[in-house]
1. Name every residue in the range 78-97 that is touching a residue at least 24 places away in the same chain (Cβ under 8 Å) and not in a helix (DSSP H, G or I), in order of residue number.
2. If we keep just the residues of the range 43-68 that are over 25 Å from residue 271 (Cα atoms) and open to solvent by less than 70 Å² (accessible area, probe 1.4 Å), which is modelled with the highest pLDDT?
3. Evaluate the range 262-270: report whether one residue or more is farther than 19 Å from residue 37 by Cβ, within 16 Å of the ligand (Cβ to nearest atom), in contact with a Leu (Cβ under 9 Å, 6 or more places away or on another chain) and open to solvent by 10 Å² or more (accessible area, probe 1.4 Å).
4. (1) assigned to a loop (DSSP other than H, G, I, E, B); (2) closer than 24 Å to residue 205 by Cα; (3) away from the ligand (no atom under 16 Å from the Cβ): which one isn't true of residue 68, the others all being true?
5. Give me a count of the residues in the range 164-193 that are open to solvent by less than 10 Å² (accessible area, probe 1.4 Å) and either within 22 Å of residue 96 (Cβ to Cβ) or assigned to a loop (DSSP other than H, G, I, E, B) (or both).
6. Would a scan of the range 119-134 turn up a residue that is near the ligand (Cβ under 9 Å from one of its atoms), open to solvent by less than 70 Å² (accessible area, probe 1.4 Å) and not basic (Lys, Arg)?
7. Which residues, counting only those in the range 229-261, are surrounded by fewer than 18 Cβ atoms within 10 Å (Cβ to Cβ), more than 16 Å from the ligand (Cβ to nearest atom) and not in a helix (DSSP H, G or I)?
8. Collect the residues in the range 135-163 that are away from the ligand (no atom under 13 Å from the Cβ), closer than 24 Å to residue 109 by Cβ and assigned to a strand (DSSP E or B), keeping them in residue-number order.
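The values are calculated or read from the model by the stated rules, or taken from the named source; none is laboratory data. Worth saying up front: this structure is predicted, and the values here are computed from it rather than measured. For neighbour counting, all protein chains shown are included, and Cβ atoms are generated from backbone atoms with ideal geometry for every residue, glycine included. The accessibility values were calculated without ligands, DNA or RNA, using every heavy atom of the protein model including side chains. Shrake-Rupley method; radii C 1.70, N 1.55, O 1.52, S 1.80 Å.
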Amino acid sequence: MFENLSERLGGVFDRLTKQGALSEDDVKTALREVRVALLEADVSLPVARQFIKAVEKKATGAAVTKSITPGQQVVKIVHDELIATLTGEGEPGALKIDSPPAPILMVGLQGGGKTTTTAKLAKRLKERDGKKVLMASLDVNRPAAMEQLEILGKQIGVDTLPIIKGEDPVAIAKRAKTQASLGGYDVYMLDTAGRLSIDEELMAQVEAVRDVANPRETILVVDGLTGQDAVHTAQNFDDRIGISGVVLTRMDGDGRGGAALSMRAITGKPIKFVGLGEKMDALETFEPDRIAGRILG
Ligand code: GDP
């Protein structure tokens, strides 16, 4: 892990005399390389700046022990700080699903992977946690999206709320709640409609659904490859709806994962899971260590 950064820093430090502690100049030189690595990983500029400042403070004057080189020492401090920034409160991947039936509201823009993630999460809750799950699609604008959830439900063996044509999202949410109570479900997941961009109509609709469902978790699903846009989307949804966590999808792509750092630093919301492919098993608990490795290359 961090081979590239270690190499870069190794080169920097080869030119410096070894000392007992990291000098201000050593640290500044090394952090220039770290800054480049962060920006290459698509970490937003303000977050990269803030991060470098925090590391600079910790690294300047830090003792260099005999067993490691100054370069390795800086890498370690950078790594620890990355983990600290990426780690949210509580157990990663944990969801508040006590007091059944617990509603989970799934929100996000169209194409981000919301419907796929709803089904992946339902499968995980069923198989890992032994929960009885009901899924309902609230995407009345796109009948194909409703059918998509139904097909995925059949595929993973999770019930979906029967589709009634012409019903509005709030009515569907209410019906899901009733069905979940009557049917003895532990969890019911509401897959809300997405739009290509955030607009007033979308937000008002999600808000109305939130108010009737009173969700235990509101999970934002965003494409992890969209970097700054993902963070912007999260801020908008959090301001208007209030989100409890994030799922970053398409982390199987060749993006470097900088969105994760920006997301945590700017919104403060925990990244609960990452999507790692189109298959129903391709959902994993967010692991700060792994993402830190990818960010630093
Ligand atoms: P929605 O419009 O937000 O509901 O998006 P969908 O769930 O329909 O997903 C859009 C496309 O992205 C589908 O083809 C999914 O299979 C794909 N997708 C979703 N999550 C992931 C992921 O983590 N990795 C990859 N590679 N594809 C994904």
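1. Selection gives 87, 88, 89, 90, 92, 93, 94, 95, 96, 97.
2. Filtering first and then ranking leaves 56.
3. no
4. Result: residue 68 fails condition (2) only.
5. Step one: list which residues in the range 164-193 are open to solvent by less than 10 Å² (accessible area, probe 1.4 Å), which gives 172-173, 176, 180, 187-193.
With the extra rule that they be either within 22 Å of residue 96 (Cβ to Cβ) or assigned to a loop (DSSP other than H, G, I, E, B) (or both), the set shrinks to 173, 176, 180, 187-193.
So the answer is 10.
6. So in the range 119-134, the residues near the ligand (Cβ under 9 Å from one of its atoms) come out as 119-120.
The next check asks that each one be open to solvent by less than 70 Å² (accessible area, probe 1.4 Å); those that pass are 119-120.
Imposing the further condition that a residue be not basic (Lys, Arg) reduces the set to 119.
Taking every residue of the range 119-134 in turn, at least one turns out to be near the ligand (Cβ under 9 Å from one of its atoms), open to solvent by less than 70 Å² (accessible area, probe 1.4 Å) and not basic (Lys, Arg).
7. Scanning the range 229-261 gives a single hit, 242.
8. 136, 160
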